[in-house]
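The values are calculated or read from the model by the stated rules, or taken from the named source; none is laboratory data. Keep in mind the model is a prediction, meaning the values are calculated, not measured. Cβ placement follows ideal geometry from the backbone for every residue including glycine, while neighbour counts extend to all protein chains displayed.
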Amino acid sequence: MVFALDKHSRTTALFLFKQLVNCFEPTGRYKILYPILSQPRQHAGFQGVAIQMYKDFVFEHQVYQGSNLLRMIRSVISVALPKDANTDLLERNDIIFGLLNFLRYIMIRDPRHQNHTCIWDIATVIQENFLKPLQEALELSRISYKFELCKLKEMKLKMNKNDQQQGKGNKKKKGQNQSSQIDKSVVIYPNEKPMQWPEMTIEQEHKEIMLALQNFELIESLHSRLKEIIDEQQQPQSQ
């Protein structure tokens, strides 16, 4: 479902997994989904599927609510941001998106004055342990990727200038096809080992960085909406 190269195989595996989970009663479903969501070594894409399924079940039975829900959310927060602000957001992308959508959905459908699921009991935990470090991670990631984007632009200008000076021909063709000489040991997150970029041309690296920046914008949009929902209903509370 995660590592198969064939799209049809992945789609079939996903369908069978969902069918398998649906064969169980609510308690059994919870016992299947919780270990997937709480294990740091699980694939983020698989966890994204699991939290989407949990979202579909959460209002169906009390087993998905209360202490079980709060335990699950605490676990997923630690899995989504294992290194707090230094977390690689692209690596944890699916579970971060999944958790943001999950929390937004529940907090809209189950407002603070109702709180049937007990989600609002840990609103402060969500703010302090998830939203704040996620905001910091977004800022760090955006700065780092924009810095690399500037380096790519400077390198491309330099290559174009050299091409103009040396004339068009084999030299230019070689320059377009060769991998860029950008430093492959890019420190994206402080106190972390350098991130190793695969061998790519300048155009390919530019495309990857732009996609990453667009992804950060989407995360920030969901982050802002969830923060807004909590702030609108924020009141002094005990955890």
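Tabulated values for the structure
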| quantity | calculated |
| --- | --- |
| Selected residue [under 25 Å from C118 (Cβ atoms), without any contact (Cβ under 8 Å) to a residue 24 or more places away in the chain, touching a helix residue (DSSP H, G or I) at 6+ places or on another chain (Cβ under 6 Å) and surrounded by 15 or more Cβ atoms within 10 Å (Cβ to Cβ)] from I51, I36 | I36 |
| Unmet requirement for I143, which otherwise passes all of (1) closer than 15 Å to N215 by Cα; (2) buried (at least 18 other Cβ atoms within 10 Å of the Cβ); (3) of a type in the set (V, I, T) | (2) |
| Count of residues meeting criterion [touching a Pro at 6+ places or on another chain (Cβ under 8 Å), part of a loop (DSSP other than H, G, I, E, B) and crowded, with 17+ Cβ neighbours inside 10 Å] in region 66-97 | 3 |
| Checking F15 against (1) of a type in the set (A, V, I, L, M, F, W, C); (2) surrounded by 16 or more Cβ atoms within 10 Å (Cβ to Cβ); (3) without any contact (Cβ under 8 Å) to a residue 12 or more places away in the chain, the condition it does not meet | (2) |
| Test: residue in region 159-169 that is polar (S, T, N, Q), modelled with pLDDT of 65 or more, under 30 Å from M107 (Cβ atoms) and exposed (fewer than 11 other Cβ atoms within 10 Å of the Cβ) | no |
| Within region 106-115, tally of residues that are part of a helix (DSSP H, G or I), surrounded by fewer than 17 Cβ atoms within 10 Å (Cβ to Cβ) and not β-branched (V, I, T) | 1 |
